[in-house]
Amino acid sequence: MQRRPRERRPGAGIALGAVSLSACQTDQSALHPASDPARETAALFWWLGGGGAVVWLVVMGITVYAVLGRRRPSTEAFADRFILVGGVVFPTVVLAVLLVIGLRLLPANGAAAAWRVHVTGEQFWWRIVYELPSGRQVETANRLLLPLGEEVELHLTAHDVIHSFWIPPLGGKLDMIPGRTNLLRIRPTATGTFRGVCAEFCGMSHALMAFEATVVPPEDFAQWLAAEAAPAAPADPAAFRRAGCGACHRVRGLVEEGGVGPDLTHLADRATLAAGTLPMTRAALARWIDDPQAIKPDARMPGYADLAAPEREAILDFLMALK
Ligand code: CUA
């Protein structure tokens, strides 16, 4: 009999997939926790996942034994006990233990957090307002810096529709609901840059609202916050005003009327544009101003493709100077 060539096994593909998955990025992984609450959530996942796997193995073992095992004479009393233990006692004990483990993770009402940050979900970006110890509020957008080892209380809400705030390595996701403020406390335990996302469908560009959450040592955080609180670098906002940009965007110290759109005070210092959609470069900024809808469908900002070239360049000069 002729041997047929060996068929490709799906197992090989699965193994390959597993290997490539193990090299996954960790900046958006809930299984690589970098804060207290995230560590507890990851631990809960492993406890529940492990508990579920053990129960599954036991049930499968019994099922296989029942189908394939050799028949043995059993008394009725044995059958009754088996059902009582396997069907009542065992699940009760396992579920009670898992419930206690889960309940222990409920957040405690601790002392006041060191920092308070207000984050508002918008279509489709993040309004971020830091509260300074003096009570003064400092607004920025789409970038969250957090101090290592210090507790931060995030006040989450929304203006338009329901969004959901989620930085997987730093904490569980929490809905942002118009007219309501949800509190999320985070104490980061590792420095690094993590990717935050919106986890609730909120419109056409739901998948295009991301932000960078960076954990830095407390000294660097204090330095950054002081710089962020300062007014914008001196620059000429005349073209920006003429085009009407100031009706929506505020640039602290230079253009103070707007406030509907993202604050642009230190725009050129940010790593990304349009809530994590584009790199922060002059070319990307020009593309964005020309036609925001082409990059982010349903974004509220109108396109400015018909601006005269010198006006456009003057606006770009101004924005790129906002360090
Ligand atoms: Cu905001 Cu989805």
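No lab work stands behind these numbers, since they all come straight from the coordinates. Keep in mind that what you see is a predicted model, and the values were worked out from it rather than measured. Ideal geometry is used to build each Cβ from the backbone, glycine not excepted, and the neighbour counts take in all protein chains shown.
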Sorted on mean Cβ neighbours within 10 Å (highest first), peptides 48-61, 268-281, 136-149 come out as 136-149, 268-281, 48-61
Rounded to the nearest 20 debye, what is the charge dipole size of segment 49-132 about its Cα centre when +1 sits on each Lys and Arg Cβ and -1 on each Asp and Glu Cβ?
320
Using r as the Cβ-Cβ distance of D236 and Q28, and R0 as 45 Å, what FRET efficiency do you calculate, to the nearest 0.05?
0.70
Evaluate the distance, in nm, between pseudo-label points positioned 7 Å from the Cα of V100 and of A190 along their respective Cα→Cβ axes.
3.0
Could you tell me how many degrees, from 0 to 90 and to the nearest 10, lie between the Cα long axis of helix 309-320 and the main elongation axis, the longest principal axis, of the Cα atoms of the chain?
60
What does the charge add up to near V138, with Lys and Arg as +1, Asp and Glu as -1, over the other residues with Cβ less than 13 Å from its Cβ?
+2
With R₀ set to 22 angstrom, the calculated FRET efficiency between the beta-carbons of M320 and A271, to the nearest 0.05, is 0.95
Quick check: net charge around G303, other residues with Cβ under 9 Å of its Cβ, Lys/Arg +1 and Asp/Glu -1?
-3
Given the peptides 231-240, 161-170, arrange them by the average over their residues of other C-beta atoms within 10 Å, most packed first.
161-170, 231-240
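Rounded, prolate or oblate: which fits segment 204-263, taking a ≥ b ≥ c as square roots of the Cα gyration tensor eigenvalues, rounded meaning a/c under 1.5, else prolate when a/b beats b/c?
Judged from the Cα gyration tensor, segment 204-263 comes out oblate (a/c at least 1.5, b/c at or above a/b).
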Treat every Asp and Glu Cβ in the chain as -1 and every Lys and Arg Cβ as +1, leave all other atoms uncharged, and give the resulting dipole magnitude about the Cα centre to the nearest 20 debye.
1820
By the scheme Lys and Arg +1, Asp and Glu -1, what is the net charge of all other residues having a beta-carbon under 13 Å from that of A190?
0
Place a label point 7 angstrom from the Cα of R180 along the Cα-to-Cβ direction, then list the residues of segment 105-136 whose backbone nitrogen is under 15 Å away.
121
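Rounded to the nearest angstrom and ordered from largest down, what semi-axes does the equivalent ellipsoid of segment 241-323 get from its C-alpha gyration tensor (root of 5λ)?
Working from the Cα gyration tensor, I get semi-axes of 17, 15, 14 Å.
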At 0.692 mPa s and 37 °C, Stokes diffusion of the chain via Kirkwood alpha-carbon radius, µm² per second:
140
Nearest 10 degrees, 0 to 90: what angle lies between the long axis of helix 10-22 and the longest principal axis of the chain (Cα atoms)?
50
